[in-house]
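**Q** Encoded as structure tokens, here's the structure I'll be asking about.
The values are calculated or read from the model by the stated rules, or taken from the named source; none is laboratory data. All of these numbers come straight from a predicted model, not from anything done at the bench. Note that we place each Cβ from the backbone using ideal geometry, even for glycine, and neighbour counts take in every protein chain shown.
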Amino acid sequence: MGLNIRPVRPDELVQLVALCAEHAEYEKLSYHANGQQQRLQTALFSQPARLFCWVVADDNGMLHGYVSATLDYSTWSAAPFVYMDCLYLTASLRGHGVGRQLMNTLIDFAEQNQCSEIQWQTPPDNQLGIGFYQHIGANRLPKARFTLNRTSRLWQRDAA
């Protein structure tokens, strides 16, 4: 089976959303389909795009993985960087060099956008991912990720 890494196309968003659900399950997180396809359409294909995504597609047009990223800016370094939001491969492709190819695609994107750094995070129990990231020479930072959403007390302005 031949594989191709390329930007996602609008007609592949149903498959991309399905991969997002698989990715969430792999990371043991909840995923609720609720209009993601339309919001991804807007984020990926509006001008300027807010999200960038490359997929791993086979010769039959089936998707087997993806990497998505945004362009961001660091206060500390006073420079732009690429934030890798997701990197996911189906189980059959893990360990075969496809993740490295996706990372190379992201490095090319970073260079095209004058970014000298790519940042991301992964769950602490994702040992396969952590091993891969360490193998490619990524540096691990001691940080914890937090999220504040509409259901939080502060967002609702009822914080005690």
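**Q** Taking the options 145, 140, name whichever one is part of a loop (DSSP other than H, G, I, E, B), among the charged types (D, E, K, R) and out of contact with any Phe, Trp or Tyr (no Cβ under 8 Å at 6 or more places or on another chain).
**A** Values: 140 fails: out of contact with any Phe, Trp or Tyr (no Cβ under 8 Å at 6 or more places or on another chain).
Within the list 145, 140, the selection yields 145.
**Q** So residue 118 passes all but one of these: (1) under 22 Å from residue 21 (Cβ atoms); (2) in contact with a helix residue (DSSP H, G or I) (Cβ under 8 Å, 6 or more places away or on another chain). Which condition number does it fail?
**A** Tallying (1) under 22 Å from residue 21 (Cβ atoms); (2) in contact with a helix residue (DSSP H, G or I) (Cβ under 8 Å, 6 or more places away or on another chain), residue 118 fails exactly one: (1).
**Q** While we're on this one: Considering only residues that are assigned to a loop (DSSP other than H, G, I, E, B) and either modelled with pLDDT of 95 or more or surrounded by 13 or more Cβ atoms within 10 Å (Cβ to Cβ) (or both), which ones fall in segment 118-135? Can you show your working first?
**A** Going through segment 118-135, the residues assigned to a loop (DSSP other than H, G, I, E, B) turn out to be 120-126.
Within segment 118-135, 120, 121, 122, 123, 126 qualify.
**Q** Right, another one. Could you list, in sequence order, the residues of segment 100-137 that are under 17 Å from residue 83 (Cβ atoms), of a type in the set (Gly, Ala, Ser) and out of contact with any Phe, Trp or Tyr (no Cβ under 9 Å at 6 or more places or on another chain)?
**A** 129
**Q** Here is a further query. Given the conditions (1) more than 21 Å from residue 56 (Cβ to Cβ); (2) hydrophobic (A, V, I, L, M, F, W, C); (3) exposed (fewer than 13 other Cβ atoms within 10 Å of the Cβ), and given that residue 115 satisfies all but one, which numbered condition is not satisfied?
**A** The failed condition is (3).
**Q** Right, something else. Listed residues 65, 35, 2, 61; which is loosely packed, with under 11 Cβ neighbours inside 10 Å, touching a residue at least 40 places away in the same chain (Cβ under 8 Å) and among the small types (Gly, Ala, Ser)? Full working, then the answer.
**A** Numbers: 65 fails: loosely packed, with under 11 Cβ neighbours inside 10 Å; 35 fails: touching a residue at least 40 places away in the same chain (Cβ under 8 Å); 61 fails: loosely packed, with under 11 Cβ neighbours inside 10 Å.
The match here is 2.
**Q** I've got another one for you. Go through segment 90-110 and give me each residue that's charged (D, E, K, R) and closer than 16 Å to residue 137 by Cα. Can you show your working first?
**A** Our first condition is that a residue be charged (D, E, K, R); within segment 90-110, this holds for 94, 100, 108.
Answer for segment 90-110, where residues must be charged (D, E, K, R) and closer than 16 Å to residue 137 by Cα: just 100.
**Q** If I go through segment 137-157 residue by residue, how many of them are closer than 30 Å to residue 96 by Cβ and surrounded by 11 or more Cβ atoms within 10 Å (Cβ to Cβ)?
**A** Looking only at that region, the number is 1.
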